[in-house]
Amino acid sequence: MVVGGLREFALRRNGDGSPALDESNGEELMHVQPSVAVALGSRSVESPGTLYITSRKLIWLSDVDVAKGYAVDFLSISLHAVSRDPQTYSSPCIYTQIEVVEDDEDDTESTGVLDLSKIREMRLVPSDSTQLDTLFDVFCECAELNPEPVEEEEEEESGHNWVFSADQMVVGGGGEEDAEWQISQSPTSVIGHSNGGDESIAQPMLELRINDQRFDDAEEMVHESETKDH
């Protein structure tokens, strides 16, 4: 998958100043949240703007500078969460992690110009913190509308994979005899997590890989036992 990352966005409709959407390809406006400040990476929070959440991406437009705005596709957001811990960040916010093209360079060019494509974290700070749970729910809904594309080869390789939600099974420890049951929890499978909220909204997915050889061996053992009995 090609990672788009964070980018500038300044396409506004004439009149109301709302963002121009790709409506011809089915993009819809899902939620509008006014008075939301944004903090990119470790930088200071910027002046408040308006957050537009569409069925494809997040768009933040400055209320002060009409030429300033940012956008990021949901496919580029690897994690989002509600943060209310003042030790983690000074203000309650929606915390997001953004996938970027791997590069050893930092997010500021030698000229001092910010390179948005290298921003890995973004915090959205609404003036009304009671709206955080609502924003989180909309994030989850839109993330589900934008599942990560699966290549054909990956589909073939995962033909025997079973997927369970975390609340459908209990994972226990095991020895070497359980080596065929490979359980892995991937952070990229997490749609979202709310600190202190309803964690059932977005549970991590556990992938259970089952080695078909175990079943073949079991069938052989049953067959040998029946032969001896006769």
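Taking the criterion of being open to solvent by less than 70 Å² (accessible area, probe 1.4 Å) and touching an Asp or Glu at 6+ places or on another chain (Cβ under 7 Å), the residues of segment 49-61 that qualify are Gly49, Thr50, Thr54, Ser55, Lys57. Within segment 12-27, the residues that satisfy the criterion of being touching a residue at least 24 places away in the same chain (Cβ under 8 Å) and assigned to a loop (DSSP other than H, G, I, E, B) are Gly17, Ser18, Leu21, Asp22, Gly26, Glu27. Taken over segment 101-120, the residue count meeting the criterion of being modelled with pLDDT of 90 or more and not small (Gly, Ala, Ser) is 5. Residue pairs whose Cβ atoms lie under 7 Å apart, sitting 6 or more positions apart in sequence or on different chains, and linking a residue in segment 126-137 that is open to solvent by 70 Å² or more (accessible area, probe 1.4 Å) to a partner that is small (Gly, Ala, Ser), are Ser127/Ser35. Evaluating Val45 against the criteria (1) surrounded by fewer than 20 Cβ atoms within 10 Å (Cβ to Cβ); (2) hydrophobic (A, V, I, L, M, F, W, C); (3) under 25 Å from Glu144 (Cβ atoms) leaves one unmet condition, (3).
Looking at the structure I just gave you, is Ser35 open to solvent by 20 Å² or more (accessible area, probe 1.4 Å), under 19 Å from Glu121 (Cβ atoms) and among the polar types (S, T, N, Q)? Break it down stepwise before answering.
Values: open to solvent by 20 Å² or more (accessible area, probe 1.4 Å): yes; under 19 Å from Glu121 (Cβ atoms): no; among the polar types (S, T, N, Q): yes.
The answer is no for Ser35.
Against the definition (in contact (Cβ under 8 Å) with a residue 12 or more places away in the chain, of a type outside the set (Lys, Arg) and under 16 Å from Leu145 (Cα atoms)), how does Phe74 come out, yes or no? Yes.
The C-beta contact set for segment 35-64 (first residue on the phi < 0 side of the Ramachandran plot, second residue among the polar types (S, T, N, Q) and part of a loop (DSSP other than H, G, I, E, B), distance under 6 angstrom, 6+ apart or interchain) comprises Val64/Ser47.
The numbered conditions (1) farther than 28 Å from Asp16 by Cα; (2) open to solvent by 30 Å² or more (accessible area, probe 1.4 Å); (3) at pLDDT 95 or above; (4) not small (Gly, Ala, Ser) are all true for Arg123 except (1).
The values are calculated or read from the model by the stated rules, or taken from the named source; none is laboratory data. Predicted model, so just to flag it, every value in this text is computed and none were measured. For neighbour counting, all protein chains shown are included, and Cβ atoms are generated from backbone atoms with ideal geometry for every residue, glycine included. Only protein heavy atoms, including side chains, enter the accessible area calculation; ligands, DNA and RNA are left aside. Shrake-Rupley method; radii C 1.70, N 1.55, O 1.52, S 1.80 Å.
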